[in-house]
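K.L.:
Input: one structure, supplied below.
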Amino acid sequence: MRAALVSLLSCAALLAVSISLATEQKNWKDRPDVYAELAKAPEKARNRVNPLETDPDAVVAGGLLFADHCAECHGQNAEGGKKAPSLRAPAVQNATPGSIFWLLTNGVVRKGMPVWSRLPEPQRWQLVRYLKSLGLIQPESAVKETANKP
């Protein structure tokens, strides 16, 4: 009887934590701290230049890597989802390639971002190149205005 009660209480606690995390993660836009990790990149890392910056194939390769490793959490168009924030937000799109590379390499495990240091360095740079190629998400009003122009 006591073991059943302990199990029941443990399940209830896990359920409460899961619901809390799910609710918290759905509101990425309301959390300014989400992108704070990018600012933590050391200066040496921030100043790194993407060696594949002018390689047009890097965007395509990065897109394939994104689909395999990132889209499940960040969404097919990198606009964010229930598990992870948008990568088309100004904080990411205005970050240096070196900062993004540093974040991919080191992750933010406590916030659910895996460490990708096992992914070969050229592939991490391809991901950076792909992410930077996406640009900012346009607000709906801008999309409507563009569609209505002759």
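K.L.:
Calculate the spin-label point distance for V60 paired with L136, positioning each point 7 Å from the Cα along the beta-carbon direction, and give it in nanometres.
P.N.:
3.0 nm
K.L.:
Please compute the modelled spin-label separation between Q76 and A39, points set 7 Å along Cα→Cβ, answer in nm with one decimal.
P.N.:
Output for this residue pair reads 3.5 nm.
K.L.:
Please list the non-local residues whose amide H lies under 5 Å from the amide H of V108, H modeled 1.01 Å from N, same-chain partners needing a gap of 5 or more.
P.N.:
Answer set, sorted by chain and number: M113.
K.L.:
Once the other residues with Cβ under 13 Å from the Cβ of V115 are scored (Lys, Arg +1; Asp, Glu -1), what is the net sum? Please list the in-between numbers first.
P.N.:
Numbers: positive: R110, K111, R118, R124; negative: E37.
After counting each charged neighbour, the total is +3.
K.L.:
Rounded, prolate or oblate: which fits the stretch 37-86 when a ≥ b ≥ c are the square roots of the eigenvalues of the alpha-carbon gyration tensor, with rounded for a/c under 1.5 and prolate only if a/b beats b/c? Spell out each step's value before the answer.
P.N.:
Numbers: a/c = 3.21, a/b = 1.20, b/c = 2.67.
Oblate, since a/c reaches 1.5 and b/c is not below a/b.
Quick note: the coordinates plus some simple rules give every number you see, no bench work behind them. None of the values given here were measured: they were computed from a predicted structure. Every residue, glycine among them, receives a Cβ derived from its backbone with ideal geometry; neighbour counts consider all protein chains shown.
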